[in-house]
């Protein structure tokens with residue numbers, strides 16, 4: 001094990017990345033344990049940081065830590081040793097974990113940490129773990145190698161390869177397969193498979209190409225429900241585990257609710273966009289010039305898992321309110 005670590009991690013200059021990866025995992029596990037203990041109001045653990053009665057979320061501490069460690073990595077990137085770089089990389093990993101653990105708060109601009117929307121933070125964590133893990137194993141995005149740019153022939157070949165990868169990635173993402181597109185940047189065959197396979201029924205590709213092909217759309221909906229069901233159950237169970245109420249029955253029930261809300265045939269292009277936009281504006285959304293809480297994937301207000309559009313216009317959603325007990 002020691003020989004493998006020396007040969008594949010240290011000798012290849014991946015020690016800082018490895019330490020960042022470990023720091024990210026430890027930072028995520030540490031903050032999740034901490035918020036669980038705070039929420040349980042354990043007397044022997046820390047409480048929320050609330051100077052002057054205002055709760056400071058840990059995304060603030062994560063942002064400061066990533067800034068400091070990032071500047072350190074940049075400053076020491078030329079002459080710094082692997083040990084020094086690894087120290088800054090470890091701090092960066094911890095800071096990044098603190099930030100992404102509250103990614104949903106940044107995305108929704110309100111405190112949804114323990115709400116259904118808070119699952120977006122788990123998705124962000126998984127994406128970061130996947131990308132860092134692939135880089136650590138030696139995969140490179142677009143499968144670029146340093147030797148590909150030695151002469152003009154190599155440059156032409158590289159340019160063509162990048163165009164092909166970009167085209168296939170665009171098709172895969174248009175089909176709604178985010179994970180396949182992401183990992184496909186490192187493992188090219190996945191892009192080929194993803195570009196050939198059936199699109200997800202609510203994706204832009206389905207809106208453009210399946211709305212007049214009923215059999216194709218029906219097959220996409222059926223496949224989506226079958227494939228997504230176990231994944232959604234696992235994600236909800238994991239979220240419940242982190243929130244303090246793991247329950248298999250709850251995960252099964254919530255998975256069906258989410259499937260009913262999100263798995264449906266996509267409307268024809270332009271069919272309901274104007275209606276959704278007008279309804280969002282009529283409810284006073286976007287006090288800062290943006291329109292928040294638009295229905296996701298064609299959801300209608302009041303449907304399961306859809307955003308709450310019943311709030312009065314004078315209620316701002318840019319002032320997070322911390323749930324009691326956190």
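Numbers below:
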{"read-out": "Scan of the range 84-110 for residues that are closer than 19 Å to residue 14 by Cα and without any contact (Cβ under 8 Å) to a residue 60 or more places away in the chain, ordered by number", "value": "84"}
{"read-out": "Within the range 197-215, considering residues that are farther than 8 Å from residue 176 by Cα and in contact with a helix residue (DSSP H, G or I) (Cβ under 9 Å, 6 or more places away or on another chain), the one surrounded by the most Cβ atoms within 10 Å (Cβ to Cβ)", "value": "201"}
{"read-out": "Every residue from the range 1-40 that is part of a loop (DSSP other than H, G, I, E, B), in contact (Cβ under 8 Å) with a residue 40 or more places away in the chain and surrounded by fewer than 16 Cβ atoms within 10 Å (Cβ to Cβ)", "value": "12, 13, 40"}
{"read-out": "Members of the range 165-189 that are more than 17 Å from the chain's Cα centre (by Cα), without any contact (Cβ under 8 Å) to a residue 40 or more places away in the chain and either assigned to a loop (DSSP other than H, G, I, E, B) or surrounded by fewer than 14 Cβ atoms within 10 Å (Cβ to Cβ) (or both)", "value": "166, 167, 170, 175, 189"}
{"read-out": "Odd one out for residue 300, checked against (1) within 29 Å of residue 171 (Cα to Cα); (2) modelled with pLDDT of 50 or more; (3) more than 22 Å from the chain's Cα centre (by Cα)", "value": "(2)"}
{"read-out": "Search result, residues across the range 58-109 that are surrounded by fewer than 20 Cβ atoms within 10 Å (Cβ to Cβ), assigned to a loop (DSSP other than H, G, I, E, B) and on the phi < 0 side of the Ramachandran plot", "value": "76, 77, 78, 79, 80, 81"}
{"read-out": "Matching option when the condition is assigned to a helix (DSSP H, G or I), modelled with pLDDT under 80, touching a helix residue (DSSP H, G or I) at 6+ places or on another chain (Cβ under 9 Å) and within 26 Å of residue 203 (Cβ to Cβ), among 258, 224", "value": "258"}
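The values are calculated or read from the model by the stated rules, or taken from the named source; none is laboratory data. Keep in mind that this is a model prediction, so the values were computed, not measured. Reconstructed Cβ throughout: ideal geometry from the backbone, glycine too, with neighbour counts over all protein chains shown.
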